[in-house]
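First comes the structure, then the notes that go with it.
Readers should treat all values here as calculations from the given coordinates under stated rules, not as data from a laboratory. For clarity, every value in this text was computed on a predicted model and none was experimentally measured. Reconstructed Cβ throughout: ideal geometry from the backbone, glycine too, with neighbour counts over all protein chains shown.
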Ligand code: TRP
């Protein structure tokens, strides 16, 4: 029995869902620490360049391919040419891998909501050790990951409109209010302007070749590109919705949230004379330390901050879960509930490996690769699969699809106009592949992880050979 494809109920609902996917740990956890580690304003400027030139171009291409084919990641490629099926399968594989560690961090955020008001902030000197002890324990972080995954399953099982769209429409506005409150309070602290200067006055002396690579990788991760996520969301769009403005709004919102997270953290950080360049521990160690110095308001703001972090992570992880669920529904004709539960369970197994790799297995690495499971999932997706996935999508849309078909889809068969079409098409066909190509080559030359990079390429090669039947 062929049932009608699910659709977003309203344009607002779709934008909230797509922005919900984009705004996540990438914005609130990763963007601030990358900015801190790469010298502040100069990094932000380069990042903005990539976001608007490359990111928004690829996002529009993903929406277009999704709506044109009315299929999720794999089906979108496959319905045009079987030779391209592997690129979609790579997206589904990336979804599993990202969901092998993302919910672990989502679980930490959930735990820190409770910890904020149960004494974590009472001894600011112990906050760093407490974080280390928490994430390396065998059972506790896993239970929080299970809870976080249950939230995901609960939302995605209800479907596109009643689940993902409904949750995003409530949670995204709430997220803005929560982050604005923390940022607003931070700005009132004496010495806060130092943090604003750090964020907005570029200092190019800290820029190296690596800054560009981190900025481009971050642009892809933050906008949820390169693995069919926005293709899947685009496939639920009605034929009369406007694609270019949607891609524009989502790109701007994602950027707004990244900057807002920076404003929530850096002014307060400088006000208390702390170090900006501390790396991934920034949000779970330095931020609670800041709140611990604020007196009675500290635990309240900390609670608000970690609720915001959890919400941001949740509306992103549902989009990753949906990529796999949509594949199973489209291509394997599974029921939504069966697909959600089976996929959720597999992801939980991967998360357990990732979580344990930070604790009792922290001495053990995957033979030959030199990293544990958490880093393996993270590096393989972030440094290899997403960028190459974005490259494939741009080449597929630019060279395999017909220019007239893209134009027709983008203008809703002539109902609307898209004056920037030629510029967009040029960026997509030439600039995006070249830019990503350069990054991919640098990634491969990254001598720190050569075996891992080669493993990634071998996996892609095997997919290209064997995935035609999937
Ligand atoms: N964009 C999300 C974040 O910033 C993470 C995410 C969700 C993602 N879906 C994705 C990243 C698809 C890459 C691809 O946290």
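In table form, for the structure just shown:
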{"read-out": "Approximate spin-label separation residue 124-residue 10, in nm, with each point projected 7 Å along Cα-to-Cβ", "value": "4.4 nm"}
{"read-out": "Helix-only CD estimate at 222 nm, as mean residue ellipticity for the chain, using -39500 (n - 2.57) per DSSP H run (n ≥ 4)", "value": "-21000 deg cm²/dmol"}
{"read-out": "Over 39 Å [Cα-Cα, the range 11-469], rounded percent", "value": "16 percent"}
{"read-out": "Gained length - residue 364 relative to residue 296, 0.36 nm times residue gap less alpha-carbon distance", "value": "20.3 nm"}
{"read-out": "Kirkwood Rh, Cα atoms: Rg over Rh of the range 329-378", "value": "1.19"}
{"read-out": "Cβ-derived FRET efficiency at R0 56 Å, residue 53 paired with residue 337, nearest 0.05", "value": "0.85"}
{"read-out": "Label-point gap, in nm, between residue 150 and residue 249 - each point 7 angstrom along Cα→Cβ", "value": "3.5 nm"}
{"read-out": "Label-point separation, residue 82 to residue 451 (7 Å along Cα→Cβ), nm", "value": "3.7 nm"}
{"read-out": "Pairwise centroid distance, computed over Cα atoms, of the range 352-411 with the range 20-85, Å", "value": "12 Å"}
{"read-out": "Potential extension, residue 420-residue 399 segment - 0.36 nm per residue separation minus Cα distance", "value": "5.7 nm"}
